[in-house]
């Protein structure tokens with residue numbers, strides 16, 4: 001039995017912490033001068049970070065977008081599907097893209113990874129509301145990247161019946177979103193370590209007999225998209241096998257994206273201690289292991305630490321005082 005309840009609950013809570021559970025950010029924060037677009041803005045992989053400011057107050061919130069542009073081309077928001085409506089974070093991320101010259105990536109979820117519980121029942125009323133909000137958002141903002149379902153294979157493991165309901169619903173909404181915004185790249189997101197049959201907190205534990213690759217083909221999708229946290233399986237970045245990421249290409253011919261990438265830097269838990277140096281080493285190794293792959297997008301999970309329990313509160317690229325961790329330099333220079 002995989003020990004995902006605690007781990008995925010923490011990670012999902014961290015995403016929602018900056019996606020939809022914080023006080024609503026101001027729609028018009030104090031505007032910083034736009035930074036110059038990077039020289040490699042049209043060169044893949046496009047790099048970025050999730051919406052993870054030091055705080056949601058005006059100055060910190062505005063400063064995040066300037067700092068995020070220094071870390072890459074993309075700002076990702078992920079959270080509750082219902083947040084597409086109203087004046088919340090996904091609207092702000094979409095509307096500030098032209099001001100700060102970044103590419104918005106929007107992900108909506110319908111369940112909680114840690115428990116496998118639906119946020120609300122997938123009854124006809126909920127599905128209609130989800131579909132309407134997704135189509136309206138796509139039609140209005142024409143996002144380049146739009147995801148429905150975060151770590152969808154965890155639902156496959158925890159609640160097969162709800163998973164089956166979602167597959168049919170997702171494919172219906174995919175068609176509707178593409179009709180509203182044909183150029184938007186639409187996809188669902190899978191958790192890579194679980195797809196590979198790995199067990200968290202068991203060292204080097206990936207078992208191909210437990211892999212879940214076959215479910216990818218059940219979803220209409222423009223890309224093959226994953227979250228990846230190998231620090232939950234390997235104690236040292238050097239231990240990650242050479243084919244850890246290239247294996248994906250055996251199961252898809254679509255462009256690949258990683259919308260959550262993380263390696264913590266906390267000297268905890270016992271036996272799994274990490275450090276700033278290991279975090280930076282992982283970033284370097286990540287780009288080595290994905291070199292030559294058709295990777296279009298790579299998003300580091302957090303610019304600032306998410307404020308969750310150790311060790312997951314040390315996944316940011318910046319310290320609370322704004323100083324850089326060694327991983328940021330590796331991230332900015334990786335793949336070039």
Using just the C-alpha positions of the stretch 205-336 as equal point scatterers, what log10 of I(q)/I(0) does the Debye formula give at each q in 0.11 1/Å?
-0.41
Quick check on the chain: helices-only [θ] at 222 nm, where DSSP H runs of length 4 and up contribute -39,500 (n - 2.57) each and the sum goes over total residues. Nearest 500, please.
-10000 deg cm²/dmol
Sequence-separation-based contact order of the stretch 151-291, relative, with Cα cut under 8 Å and 6+ spacing, percent:
20
Quote to one decimal, in nm, the extra length available between residue 124 and residue 203 on full extension: 0.36 nm per residue of separation minus the C-alpha distance between them.
24.1 nm
Test of understanding: in a Gaussian network model of the chain with alpha carbons linked when under 10 Å, which of 51, 303, 96 would top the mean-square fluctuation ranking?
96
Ratio to report: Rg/Rh of the chain, with Cα atoms as the point set and Rh obtained by the Kirkwood method; give two decimals.
0.93
Residue separation times 0.36 nm, minus the C-alpha to C-alpha distance between residue 117 and residue 70: what's the value?
13.2 nm
Length-normalised contact order for the chain - Cα pairs under 8 Å, 6+ apart - percent:
17
Stretch gain in nm, segment residue 273-residue 294, where the contour uses 0.36 nm per residue and the Cα spacing is subtracted
4.3 nm
Among DSSP beta bridges whose residues both lie in the chain, state the antiparallel percentage, nearest 5.
10
Gap separating the Cα centres of the stretch 290-336 and the stretch 119-167, nearest whole Å:
27
Before anything else, pin down the relative contact order of the stretch 58-207: Cα pairs under 8 Å, at least 6 apart, normalised by residue count, whole percent.
20
Calculated FRET efficiency for the pair residue 57/residue 310, C-beta based, R₀ 30 Å, to 0.05:
0.75
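Taken together, the values in this text are just the output of simple stated rules run on the coordinates, not laboratory data. Just so it is clear, the model here is predicted, and its values are computed rather than measured. Cβ sites come from the backbone with ideal geometry, for glycine too, and all protein chains shown count toward neighbours.
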